[in-house]
Amino acid sequence: MEHHADVDAYLAASELWPEEARALCEVLRGCGLEETIKWGKPTYVHDGANVLIVQEFKDFLALMFTKGALLDDPEGVLHSQGEHTRSALRMQFTSVEEVTSRAAVIADYVDRAVAVEDAGLEVGPAPEPDLPEELRERLASDPELSEAFDDLTPGRRRSWAIHIGDAKKPETRVSRVDKAVPRIRAGKGHNER
């Protein structure tokens with residue numbers, strides 16, 4: 001695969017895991033995917049679909065499989081991104097030796113990810129979360145807000161339910177609802193500005 005200049009620039013500027021990222025990208029360059037930069041990170045694409053993203057975290061370098069939940073994991077190397085992540089799973093690395101010793105496993109999992117794309121498989125929609133009581137009450141008392149909330153995408157509704165519901169104290173949940181109202185009316189999810 002031809003090296004993508006933007007990925008080379010990313011690797012040259014890496015400060016967290018430069019050698020590990022370079023080794024991982026070399027393995028991925030042998031897997032037949034298109035290499036690019038998306039979201040500021042090396043991303044590997046198959047037939048227009050994002051398949052893999054290289055992510056640098058403080059404690060490890062990650063290879064995120066965008067539809068990792070649909071992959072078999074016979075080696076037990078895929079990790080969840082977090083409790084609210086449904087689709088993406090990642091491999092984690094902390095040394096060049098770890099990357100190079102697992103090159104065959106990486107290539108095998110890339111093949112599995114490409115097969116998922118070729119088969120047209122999709123992760124189903126997330127179930128609608130239970131709305132926190134404080135949000136339900138506000139929506140029930142404000143029909144315009146309720147309509148604006150219903151007009152949000154499922155992911156945006158989910159983001160508000162999780163953000164508000166994660167607060168332990170009722171007064172914090174009420175405060176979060178108060179702060180959410182103008183953004184819900186503007187059609188925004190919790191993570192959008």
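The values are calculated or read from the model by the stated rules, or taken from the named source; none is laboratory data. Fair warning: this is a prediction, and the values are worked out from it, not measured in the lab. FYI the Cβ positions are ideal-geometry reconstructions off the backbone, even for glycines, and counts take in every protein chain you see. Side chains are part of the model used for accessible areas, which takes the heavy atoms of the whole protein and leaves out ligands, DNA and RNA. Shrake-Rupley method; radii C 1.70, N 1.55, O 1.52, S 1.80 Å.
How do the pairs read when you match residues in segment 61-88 that are under 23 Å from Gly155 (Cα atoms) with residues anywhere that are of a type in the set (Phe, Trp, Tyr), using Cβ under 8 Å and keeping only pairs 6 or more apart or on different chains?
Close Cβ pairs satisfying both conditions: Phe65/Tyr109; Leu71/Phe65; Leu71/Tyr109; Ala88/Phe65.
Residue-by-condition table, conditions (1) surrounded by fewer than 15 Cβ atoms within 10 Å (Cβ to Cβ); (2) in contact with a Lys or Arg (Cβ under 7 Å, 6 or more places away or on another chain); (3) of a type in the set (D, E, K, R):
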residue	(1), (2), (3)
Gly120	yes, no, no
Pro125	yes, no, no
Asp151	yes, no, yes
His163	no, yes, no
Asp178	yes, no, yes
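Being outside any loop (DSSP other than H, G, I, E, B), farther than 21 Å from Pro127 by Cβ, of a type outside the set (A, V, I, L, M, F, W, C) and open to solvent by less than 70 Å² (accessible area, probe 1.4 Å) is the filter here, so list the residues in segment 52-97 that pass it.
First, pick out the residues of segment 52-97 that are outside any loop (DSSP other than H, G, I, E, B): 52-56, 61-65, 68-70, 79-80, 89-93, 96-97.
Checking the rest, the ones that are also farther than 21 Å from Pro127 by Cβ come to 52-56, 61-65, 79, 90-93, 96-97.
Now restrict to residues that are of a type outside the set (A, V, I, L, M, F, W, C): 55-56, 79, 90, 92, 97.
Scanning segment 52-97 gives Gln55, Glu56, Arg90, Gln92.
Mind listing whichever residues of segment 19-33 are loosely packed, with under 15 Cβ neighbours inside 10 Å and more than 16 Å from Val105 (Cβ to Cβ)?
Within segment 19-33, Glu19, Gly32 meet the criteria.
Restricting the search to segment 180-193, which residues are in a helix (DSSP H, G or I) and open to solvent by 70 Å² or more (accessible area, probe 1.4 Å)?
Correct list: Pro182, Arg185.
Restricting segment 36-51 to residues that are touching a Phe, Trp or Tyr at 6+ places or on another chain (Cβ under 8 Å) and surrounded by 22 or more Cβ atoms within 10 Å (Cβ to Cβ), which is nearest to Gly68 (Cα to Cα)?
Among those that are touching a Phe, Trp or Tyr at 6+ places or on another chain (Cβ under 8 Å) and surrounded by 22 or more Cβ atoms within 10 Å (Cβ to Cβ), it is Val51.
Given (1) aliphatic (A, V, I, L, M); (2) open to solvent by 10 Å² or more (accessible area, probe 1.4 Å); (3) assigned to a strand (DSSP E or B), where does Ala12 come up short, assuming only one miss?
It is condition (3) that Ala12 fails.
Is it the case, given these coordinates, that Val110 is over 26 Å from Arg156 (Cβ atoms), open to solvent by less than 50 Å² (accessible area, probe 1.4 Å) and either among the hydroxyl-bearing types (Ser, Thr, Tyr) or within 13 Å of the chain's Cα centre (by Cα) (or both)?
In short, no.
Is it the case that segment 132-146 has a residue that's open to solvent by 40 Å² or more (accessible area, probe 1.4 Å), of a type in the set (A, V, I, L, M), out of contact with any His (no Cβ under 7 Å at 6 or more places or on another chain) and under 28 Å from Ala69 (Cβ atoms)?
No, that holds for no residue.
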